[in-house]
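Data first, discussion second: the structure below is written as structure tokens.
Rule-based calculations on the coordinates, nothing more; no lab input. Source: prediction; values computed, not measured. Methodologically, a virtual Cβ is constructed for each residue, glycine included, from the backbone with ideal geometry; neighbour enumeration extends over all protein chains shown.
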């Protein structure tokens, strides 16, 4: 089910009010879609589900579609051997299929995968970006692995270097981070320093007491402190929270996908971005810089 483009009022969970999915994005704006799904270990089934959601988003006029972290394969009890077995290189079947989808629907597509780095070491938790022509625009390898709440992602994956991936999409600059990275304001600020105006966050946010509140609070915080749009796309299912959200630069939730698989869309407006940054010039007023260690 596609939920329609929203204005600047807060959206209740599972809603995306105003306009219709067939309404064109207003002139000068970019329509973004979050396509949340419940991926499992079956890569072919995951691709089938993703393809249906991307087609739905494309039909709704999206120019940018974000899929969750681990959209390629999400294992119930991941270990190093299991992730190595499902890992693929950037020229493998998963990225090739994403390129075909992006080309078919003429949009930019972001999705999470387990990447085989072809050096015999542990794979990476990677988000790939492919453009409307099917070209690979870049790959971001998760910097902050999820060593928290009793888990140790670093036991089975390797962390990427703190190098920003920022993409141009219809005149907007989109920076990429992944799931647990959202808890680190420096990561978002590194992307802002590289020119990002939108923060795309594919995630498989693990469910638990208070975890959905953490997700929503952190998404709003990253939007407000950076005066940037946030596109947080979550995995659904019994072990993840879902709750994909689009947050505007003032912290208003424009779309909230709730807990079920589906698509939400919202229009990103550079004029709104400029207005918020003029009223709240906190980026200009900074006294500190971000320096990776």
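Here are the numbers for the structure shown:
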quantity	calculated
Mean Cβ neighbour count within 10 Å, used as a protection proxy, ranking 280-287, 244-251 highest first	244-251, 280-287
Theoretical ellipticity at 222 nm over the chain - DSSP helices of four or more residues, -39500 (n - 2.57) apiece, nearest 500	-7500 deg cm²/dmol
Percent RCO, i.e. relative contact order, over the stretch 31-279, from Cα pairs under 8 Å lying at least 6 residues apart	20
36 Å tail of the calculated P(r), the chain, as % of Cα pairs	8
The stretch 99-138: relative contact order in percent, alpha carbon pairs under 8 Å with at least 6 residues between	46
Residue of 183, 152, 243 that the Gaussian network model of the chain assigns the largest fluctuation, springs spanning Cα pairs under 10 Å	152
Segment residue 24-residue 286, length gained on full extension (0.36 nm per residue, minus Cα span)	90.6 nm
Net length gained if the chain between residue 168 and residue 118 were fully extended (0.36 nm per residue, minus Cα distance)	15.1 nm
Separation of alpha-carbon centers, the stretch 137-174 and the stretch 73-113, rounded to whole Å	15
Normalised convex hull volume, the stretch 75-202, alpha-carbon set, Å³ per residue	104
Antiparallel %, DSSP beta bridges [both residues in the chain], to 5	60
